[in-house]
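Written below as C-alpha cells is the structure these notes are about.
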Amino acid sequence: MDLLPISDVSESAGRGRYRRDVSEQPCPASAPTLFTWEFATDPYPAYAWLREHAPVHRTTLPSGVEAWLVTRYADARQTLADNRLSKNPQRHSESAHARGKVGIPGEQRADLMTHLLNIDPPDHTRLRRLVSKAFTPRRVAAFAPRVRELTDDLIDAFAARGEADLIHEFAFPLPIYAICDLLGVPREDQDDFRDWAGTMIRHGGGPRGGVARAVKRIRAYLAELIHRKRAALGDDLISDLIRASDHGDHLTENEAAAMAFILLFAGFETTVNLIGNGLYALLRNPGQRARLQRHLEEAEEGDEGLLATGVEELLRYDGPVEMATWRFATEPVTIGGQHIAEGEPVLVVLAAADRDPERFADPDVLDLSRTDNQHLGYGHGIHYCLGAPLARLEARTALATLLRRIPDLQLAAEPDDLRWRGGLIMRGLRTLPVTWGK
Ligand code: HEM
C-alpha cells in the first residue's frame, strides 16, 4: 500500500470545509485488512473506508479478542463521555483480561490494577481529585527550565556528529528522564528506568513476557521509593502524592504506587511518539516546517503562537494514541446506529476521528496554524489526559530547541523503509534517522 500523498497547506487547492469527501485520499474500494505492517505504516486510508462504510466496525484484534472500532468524530466524542461504558476490565464479557489479553501487560501480576484508566466513578472521581492536588499545572510550569536543560543535554550529545536516530537519542530519553525527575526518582536510578521503559516500548506490540517482567521491576522499585519518601518527604511529585489529601482522605501506599506507575506508563511512550511523529510530519512537510522555523527565529521570548497551534495540529494529524484505551458496555448500547451488547469491548479510534472530514476541513492536510482544532488526541470526558500540560511543555520545548539548534535536519531514509511499532493503542516510529550539515 502506498503512503498517503502528504501535501502541504500552501500546496493544496480548493479546500472546502466539513465535507464527507474522501476522493482526495486513496480510500480502498473494499473492506481493508487491518493490523498488517502496511496498515501500521499508513492506517489512514483504511480508517477513511471505515468512517465511510462501517463507522462502528466489529473486528478481531491480533490477540483474538473481538472488539468494536468507533471511527467517526461525533460518535467517538460521544462514546468517550458515555458513562454506560466502563473502564473496568472486569466488565468484559470474555475472560480475555484474565488471560492477559486486555490492558497493560503485567499490571495484574504486579498488583497495579487500581489506576485511573481501569476504574469508574466514584473511585475514579476520588483518585483523580487526589492526584490533581499533586500534579498541578503550577508544578508543570515550574518544571520548564529542567525540560529545557534535559533537551539541550540530549542535543549536545549528537550535535557535532551530523547524523542521529531521533527516536533513540532524543524522543525516547527526554520523556523518561523528565517523568523520573518529576516523580522524584534519584538521578543514579534513572538509567534503570530507561532500560525498563526501553523493554516496554520495544516489546509493547510483541511478546508480553519481557514487558511483564519490566512492569514487575518498576512496581517493586516504586513501592520501595514510596516507602522511603514517606519517611522523608521532599519537593517532588511522589512526595506530593503522599501528602495529597481531600477531606481527610489520602492515597494508600498501593494507590500511590499504582498512580506513579500510570503517570509513568501513560506519560512516557505517548510523549516519545508525539515528538517522533511530530518531527517526522515536519520533515515530510517542508512548507509547514519552514513556516515554523521562521516563527521560531522571529518570535519574542514566550510568544508560542505557531508553535502552540502547531503541536496541537501534529497531535491531530498523526497523534501518538491511535486508539483510546478499552471500554466495556455495561448494558446494551447503540453507537452510530450499531447495537452493542452488554460486556462487549469498544475501542475509540482517535486517529480516525481526528481525520473526519465532517469535523475538520481538509483533514489530511497538515496546517500548523489550524485553530478550529478540537482534536481528540488527549481523549475527552472524565478520562481526559491528566498529563496534557506536561506533554505540551515537553513537545514544544523538544521541537523548538531541535529546530533552532539544527535548522537543516534532513530525513535520512525513504519513508517506505521506516518501520512503525505494531502496538494496538500507540502509534510511533521505531527509528527516525536524520542527517545535517552535509
Ligand atoms: C503527547 C502525549 C500524550 C497523549 C497524546 C496522551 C493521551 C491520552 C489519552 C488519549 C488519554 C485518555 C485515554 C482514554 O480515555 O482511554 C490519556 C489519559 C491519561 N494520561 Fe495522557 N497523554 C499524553 C501524555 C501524558 C503525560 C505526560 C502524562 C503524565 C505524566 C499522562 C497521564 C495520563 C493519565 C494519568 C491518564 C488517565 C486519566 C484518567 O483516566 O482520568 N499523559 N492520555
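Residues that are under 23 Å from the mean Cα position of the chain (by Cα), within 16 Å of the ligand (Cβ to nearest atom) and either closer than 18 Å to Leu279 by Cα or open to solvent by 10 Å² or more (accessible area, probe 1.4 Å) (or both): does the range 151-160 have at least one? Yes, the range 151-160 has at least one match. When the range 27-47 is filtered for residues that are among the hydroxyl-bearing types (Ser, Thr, Tyr), under 20 Å from Asp417 (Cα atoms) and open to solvent by 40 Å² or more (accessible area, probe 1.4 Å), only Thr36 remains.
The number of residues in the range 395-412 being charged (D, E, K, R) and under 17 Å from Arg316 (Cα atoms) comes to 1.
Kindly establish whether Gly337 is away from the ligand (no atom under 12 Å from the Cβ) and either more than 13 Å from the chain's Cα centre (by Cα) or not acidic (Asp, Glu) (or both). Against the criterion (away from the ligand (no atom under 12 Å from the Cβ) and either more than 13 Å from the chain's Cα centre (by Cα) or not acidic (Asp, Glu) (or both)), Gly337 qualifies.
Going through (1) surrounded by fewer than 24 Cβ atoms within 10 Å (Cβ to Cβ); (2) of a type in the set (Val, Ile, Thr); (3) away from the ligand (no atom under 11 Å from the Cβ) one by one, Ile262 falls short only on (3).
All of Arg419, Arg370 fail the test of being at pLDDT below 95 and away from the ligand (no atom under 16 Å from the Cβ), apart from Arg419. Just one residue in the set Leu409, Leu393 is away from the ligand (no atom under 16 Å from the Cβ) and buried (at least 19 other Cβ atoms within 10 Å of the Cβ); that residue is Leu409. In the set Glu342, Glu322, Glu312, Glu300, only one residue is within 15 Å of Arg392 (Cα to Cα) and either among the small types (Gly, Ala, Ser) or open to solvent by 10 Å² or more (accessible area, probe 1.4 Å) (or both); that residue is Glu312. So how many residues does the range 229-258 have that are assigned to a helix (DSSP H, G or I) and surrounded by 12 or more Cβ atoms within 10 Å (Cβ to Cβ)? Final tally of qualifying residues: 15. Restricting Ala67, Ala74 to those that are touching a Phe, Trp or Tyr at 6+ places or on another chain (Cβ under 9 Å), at pLDDT 90 or above and under 28 Å from His383 (Cα atoms) reduces the list to Ala67. Report whether or not Ile179 is within 23 Å of Asn273 (Cα to Cα), modelled with pLDDT of 90 or more, in contact with a Lys or Arg (Cβ under 6 Å, 6 or more places away or on another chain) and in a helix (DSSP H, G or I). Considered against the rule, which asks whether it is within 23 Å of Asn273 (Cα to Cα), modelled with pLDDT of 90 or more, in contact with a Lys or Arg (Cβ under 6 Å, 6 or more places away or on another chain) and in a helix (DSSP H, G or I), Ile179 comes out as no. Within the range 78-124, the set of residues being modelled with pLDDT of 95 or more, within 12 Å of the ligand (Cβ to nearest atom) and open to solvent by 70 Å² or more (accessible area, probe 1.4 Å) comprises Pro121 only. Asp195 satisfies every condition listed in (1) within 25 Å of Arg392 (Cα to Cα); (2) within 14 Å of the ligand (Cβ to nearest atom) except (2).
Trp436 passes every criterion in (1) more than 13 Å from the ligand (Cβ to nearest atom); (2) modelled with pLDDT of 95 or more; (3) over 24 Å from Pro173 (Cα atoms) apart from (3). Within the bounds of the range 259-277, is there any residue that is among the acidic types (Asp, Glu) and free of Cβ contacts under 8 Å to residues at least 40 places away in the same chain? No, there is no match, as no residue in the range 259-277 is among the acidic types (Asp, Glu) and free of Cβ contacts under 8 Å to residues at least 40 places away in the same chain. Scanning the range 375-389 for residues that are open to solvent by 10 Å² or more (accessible area, probe 1.4 Å) and farther than 27 Å from Arg294 by Cβ turns up Tyr378, Gly379, His380, Gly381, Ile382, His383, Tyr384, Cys385, Leu386, Gly387.
Evaluated against (1) assigned to a helix (DSSP H, G or I); (2) open to solvent by less than 40 Å² (accessible area, probe 1.4 Å); (3) within 14 Å of the ligand (Cβ to nearest atom); (4) not hydroxyl-bearing (Ser, Thr, Tyr), His295 falls short on exactly one condition, (3).
Selection of the range 303-327 for residues being within 12 Å of the ligand (Cβ to nearest atom) and either in contact with a Pro (Cβ under 9 Å, 6 or more places away or on another chain) or assigned to a helix (DSSP H, G or I) (or both) yields Val311, Glu312, Leu314, Leu315, Arg316, Asp318, Glu322, Trp326, Arg327.
State yes or no: is Gly379 within 16 Å of the ligand (Cβ to nearest atom) and on the phi > 0 side of the Ramachandran plot? In short, yes. When Gly336, Gly248, Gly305 are checked against the criterion of being under 21 Å from Gln374 (Cα atoms) and without any contact (Cβ under 8 Å) to a residue 60 or more places away in the chain, a single residue qualifies: Gly305. Can you find a residue that is part of a loop (DSSP other than H, G, I, E, B) and closer than 20 Å to His339 by Cα anywhere in the range 34-50? No, there is no match, as no residue in the range 34-50 is part of a loop (DSSP other than H, G, I, E, B) and closer than 20 Å to His339 by Cα.
The one condition from (1) under 29 Å from Thr435 (Cβ atoms); (2) more than 9 Å from the ligand (Cβ to nearest atom); (3) open to solvent by 10 Å² or more (accessible area, probe 1.4 Å) that Asn285 does not meet is (3).
When you scan the range 166-174, do you find a residue that is open to solvent by 10 Å² or more (accessible area, probe 1.4 Å), within 12 Å of the ligand (Cβ to nearest atom) and not aromatic (Phe, Trp, Tyr), even just one? No: the range 166-174 contains no residue that is open to solvent by 10 Å² or more (accessible area, probe 1.4 Å), within 12 Å of the ligand (Cβ to nearest atom) and not aromatic (Phe, Trp, Tyr).
The values are calculated or read from the model by the stated rules, or taken from the named source; none is laboratory data. Everything numeric in this text was worked out from a predicted model, so none of it was measured. Every residue, glycine among them, receives a Cβ derived from its backbone with ideal geometry; neighbour counts consider all protein chains shown. Side chains are part of the model used for accessible areas, which takes the heavy atoms of the whole protein and leaves out ligands, DNA and RNA. Shrake-Rupley method; radii C 1.70, N 1.55, O 1.52, S 1.80 Å.
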